[in-house]
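Have a look at the structure below before the remarks.
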Amino acid sequence: MAAASTTKISWRLQEFEAHSSSVSCLALGKSSGRLLATGGEDCRVNIWAVSKANCIMSLTGHKNPVECVQFNMSEEQVVAGSQSGSIRVWDLEAAKSETHFVLFVSGHTQAVRSLAFSPDGKWLASASDDCTVKLWDLTQGKTITEFRSHTAAVNIVQFHPNEYLLASGSCDRTIKLWDLEKFTMIGSLEGDTTPVRCIFFSPDGSCVYSGATDSLRVFGWEPDRCFDVVPVGWGKVSDLAVCNQQLIGVSHQLSSVSSYVVDLKRVKKSGGSVIQGIIQDNQPLSEPKDPKGVALRRNYERPTTTCSSQRVKQRSDADRRSPEGERRSPSEDEADEKLLSAEIHNAEDYKEIFQPKNAISRTPPKISEPFPAPPEDETILAISHQLKDMISPFPDKQQAPPQASSTPVQRVEPTVVSCAKRPAPSAVGPLSSDSSPNNRPGALSDEEALSQIKKGHDTMCVMLSSRHKNLETVRAVWAREDIKSALDTAVSMNDLSIVVDILNIINLQPSLWKLDLCTSILPQIDKLLQSKYESYMQTGCTSLKLIMKHFWMLISDTLKASPCVGVDITREERHQKCRACCKQLKNLSNIVKNKAAQVGRHGSAFKELQLLMAPLDDSL
């Protein structure tokens, strides 16, 4: 069993329910890699210790769903931002909110997806759906420069821990590296097969880790190269951190959060074998003389701090006054300050992590052990449990199931098998000691047990084969003609799953969308929003948001324009398409209103759509 655990490169550490409604954001503490903050649509911020299932504390008082969370470097504070633009800074040791303000990030034309502060605290980088990265001077309150090389929404930005270097990851599946002295792009790291969701520089700054839906990639630069690719089934991974030579990745789906571990001791992080595709020649790169690399740019000057060993616990009214000596004018948030609280659910962990004796650091101990790998593959373990339970309907009560070394992961439940009616107990007495399990009443043979496990397998294979064949047909049409023809082909197949597959691709590429495409997609969105499948609803919402953001003004202006003099066939066709789209959008608006009024995990998404579709009420 010990040997099996050493063969794993990556594994799922835990999965747990983090909020009473959908999780909207999460963040790992970068100093320790062992603290996790989650924000949810229930307007709460929950704090967790990685690998433990119990919430340490829950920060309440936000009036709107929490959209973003972030720890400060020392992990003594957590910052949370809500949909309203309200930002709160929570003191984790005092277990209370200590600062509140409203942040307006201007300059971008679409939603801002990521913010990052430079190590010296003087700059702020922002990433947006408008495909740009902006660099801000916080001391002067103005934009320094703008980077425009991405071709799709930018999801994440990260500063190099030492050098004047910035990395940005995008839905265009690339990571761009920007020199912050010359303000030029020095590299484009490619190879991810799905959008780059999160990036993280190694602690020594020698490489950058890229988290995509199906894998972890390790990149170097100057020259651009990919050192290693590790398949990891973490889904929509949202943040990365490093702890004890292990990379921790966290993702969320609905109300649950999952954490994953990648053993960095078994991952290539420099030189050696280079993945072909970025470096075209297959010659191995020589190891650098300095393992941490030679700094080619300036290093940040770290801000000096003067910390006393004792931290002030109470602040007098005078301390809370503004520099002019006057209290801030009461606001709605201050009036409701009494509603703000930190519910401590795990007092023992809270005291150990946030209130250690005679220590300044609020992070878990640095000497903590690495997260252990599971003893064997979970799928094999689940199947072996199924076989055992089906072959032996009367298990030995003294034989306890194996306990997981970390937080229990959701496992496959044993298949319920309806056994034949068992005969009455024999008058002769109990079975003799040499009776085999297969001779017990109600037991299944090996063939019967395998038959139960494989039940439905053939049907699923047929369905997947048919789906693959249909997707190949759509792909061929797309290559031969255009995306509109490909989508029409998918619709004609009368299989909504094919439409969802196509939309999931083109939703990431707004440049592919034309008014013609909207006329084909809108009727399909109607079906998706009313589907019983959550993933279908999410895809439909994403497509509808894209249409409203990029095409509503065109549709509205076209319909409101004065009639032209003479015959203009092109204009008339465009007017006809806009009229059809407007009619369909109004129908969808009614569906969205009904969905937004319902209480549930999707309420927030439909309320956002309802606000976006409000101009329809005033349209012609």
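Checking the cross-link pairs K484/K560; K514/K560; K142/K545 against a 24 Å limit on the alpha carbon distance flags K484/K560; K142/K545 as lying beyond it. Summing Lys and Arg as +1 and Asp and Glu as -1 over all other residues whose Cβ lies under 12 Å from the Cβ of S589 gives a net charge of +1.
Protein-only accessible surface at a 1.4 angstrom probe places the residues R467, R266 in the order R266, R467, largest first. Here, the stretch 441-512 yields an orientationally averaged convex hull projection of 6.9 nm² when only Cα atoms define the hull.
Annotation: D482 carries an accessible surface of approximately 70 Å², with a 1.4 Å probe and no ligand, DNA or RNA atoms counted.
Altogether, the Stokes-Einstein calculation at 20 °C and 1.002 mPa s, with the Kirkwood radius of the stretch 500-557 over Cα pairs as Rh, returns a diffusion coefficient of 186 µm²/s. Beyond a 30 Å Cα-Cα separation, which of these cross-linked pairs lie in this structure: K236/K269; K532/K586; K8/K122; K236/K265? As for pairs spanning more than 30 Å Cα to Cα, those are K8/K122. For the stretch 533-565, the list of chymotrypsin sites (Phe, Trp or Tyr not before Pro) that fall in a loop by DSSP and count at most 13 other C-beta atoms within 10 angstrom reads Y533.
All Cα-Cα separations within the stretch 151-198 were binned at 10 Å from zero, giving a P(r) of 30, 53, 17, 0, each value a whole percent of the pairs. A simple spin-label model places pseudo-atoms 7 Å from Cα toward Cβ; at A53 and D488 they are separated by 5.4 nm. Computed on the stretch 89-214, with alpha-carbon pairs under 8 angstrom and 6+ residues apart, the relative contact order is 15 percent. When all protein chains stay in place and ligands, DNA and RNA are ignored, the 1.4 Å accessible-area order of E181, E163, largest first, is E181, E163. C131 sits among other residues whose Cβ lies under 15 Å from its own Cβ, and their net charge, with Lys and Arg +1 and Asp and Glu -1, is +2.
Computed over Cα pairs, the Kirkwood radius of the stretch 17-75 leads via Stokes-Einstein (1.002 mPa s, 20 °C) to a diffusion coefficient of 187 µm² per second. Near S520, once Lys and Arg are set to +1 and Asp and Glu to -1 for all other residues with Cβ below 14 Å from its Cβ, the sum equals -1.
At the listed q of 0.22 Å⁻¹, the Debye profile of the stretch 31-123, built from one uniform point per Cα, gives log10 I(q)/I(0) equal to -1.24. The candidates M185, M553, arranged from most to least accessible area with a 1.4 Å probe in the full protein assembly, appear as M553, M185.
The values are calculated or read from the model by the stated rules, or taken from the named source; none is laboratory data. Everything numeric here is computed off the predicted structure, so don't read it as measured data. Using ideal geometry, Cβ is built from the backbone for each residue, glycine included, and neighbour counts are taken over all protein chains shown. Note: areas computed on protein heavy atoms with side chains; ligands, DNA, RNA excluded. Shrake-Rupley method; radii C 1.70, N 1.55, O 1.52, S 1.80 Å.
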